[in-house]
Amino acid sequence: MRQPPSGTQPRAAALQSAVDDAWSIVLAAARAAEGAAEANQAALFALGDDRRLRPLAAGDPDAVIAWRPQVGWEPVLPVDDPRHDLIDLYLPICSAIRAHPITVGHLGQSLDGFIATHAGESQYVTGEENILHLHRMRALSEAVVVGAGTVAADDPQLTTRHVAGPSPLRVVLDPTRRLADHFKVFNDDAAETLYVCARSLTRPGESHFGRARVVAVEDSATGVHVTKLQRLLHARGCTRIFVEGGGVTVSAFLQEDLLDRLHM
């Protein structure tokens, strides 16, 4: 049996340690954003032993990130630090606060440029690295939004499992009520779930769909009024909303100019 080259395992372990440390910094930044914004002053931070951000004096060489008023979080690590790229990728999302929420869309695209089958159904066209990215985005978001097509095709849990962090509020958008209530998101207690449908299709006194809470949103020409859905989520305290899929749902948010970022 061929052995790995000498030094490969220690290097891999060191890299994984850097990734884990970077992710802890990102999670801590997301938790601390509101407090940093309220302080309204520039500040440097390092990660404490309790995995929370620790404020530092100006010029402290141990700083890993900084809060800048009107800007948000910024990395202050050297660009060749193995933690830098992961921190730099997610800090803009961590900067969201109640006064300045963020909505991020996601499209998984195959090499031939498709994001679904010709029938419009979701398919697994993304790899392991992207799945890890999805779980990181779920951990950073207070709400994850998917359409009925994604639930019907994939039966996803929409929880955070591959990385450390909380699971978000799960929001299933089913304008025409095509789904049955046997899917995982409607029957587990892994996270709270909202089942969103057009108000015209909501039955009087209806409160639950499986274990999910029924939320009626005003009808639009394409289903439900996603602008009003976004406002509803903001009112619930969701400052970071992740529209995970599928293509129809992401496009609805895109057409209403509701996306601050689009990941592909």
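In region 141-157, the qualifying residues are those that are within 18 Å of residue 239 (Cα to Cα) and surrounded by 23 or more Cβ atoms within 10 Å (Cβ to Cβ), and the one that is nearest to the chain's Cα centre (by Cα) is 141.
Those residues that are among the basic types (Lys, Arg) and in a loop (DSSP other than H, G, I, E, B), I need them from region 235-264; list them, please. Across region 235-264, the qualifying residue is only 236. Considering only region 240-261, I want to know if a residue exists there that is loosely packed, with under 15 Cβ neighbours inside 10 Å and touching a Gly at 6+ places or on another chain (Cβ under 8 Å). Yes, some residue in region 240-261 is loosely packed, with under 15 Cβ neighbours inside 10 Å and touching a Gly at 6+ places or on another chain (Cβ under 8 Å).
How do the pairs read when you match residues in region 151-172 that are farther than 20 Å from residue 31 by Cβ with residues anywhere that are surrounded by fewer than 19 Cβ atoms within 10 Å (Cβ to Cβ) and among the charged types (D, E, K, R), using Cβ under 6 Å and keeping only pairs 6 or more apart or on different chains? Taking only residues 6 or more apart or on different chains, the pairs are 153/121; 155/184; 157/184. Residue-level analysis places residue 16 outside the set of residues that are without any contact (Cβ under 8 Å) to a residue 40 or more places away in the chain and closer than 27 Å to residue 100 by Cα.
One line per residue, one yes/no per condition, for (1) more than 19 Å from residue 250 (Cβ to Cβ); (2) at pLDDT 95 or above; (3) not in a helix (DSSP H, G or I):
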| residue | (1), (2), (3) |
| --- | --- |
| 179 | no, yes, yes |
| 182 | yes, yes, yes |
| 185 | no, yes, no |
| 189 | yes, no, yes |
| 205 | yes, no, yes |
| 215 | yes, yes, yes |
| 227 | no, yes, no |
| 233 | no, yes, no |
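The values are calculated or read from the model by the stated rules, or taken from the named source; none is laboratory data. Treat the numbers as computed from the prediction; the structure is a model and nothing was measured. Ideal geometry is used to build each Cβ from the backbone, glycine not excepted, and the neighbour counts take in all protein chains shown.
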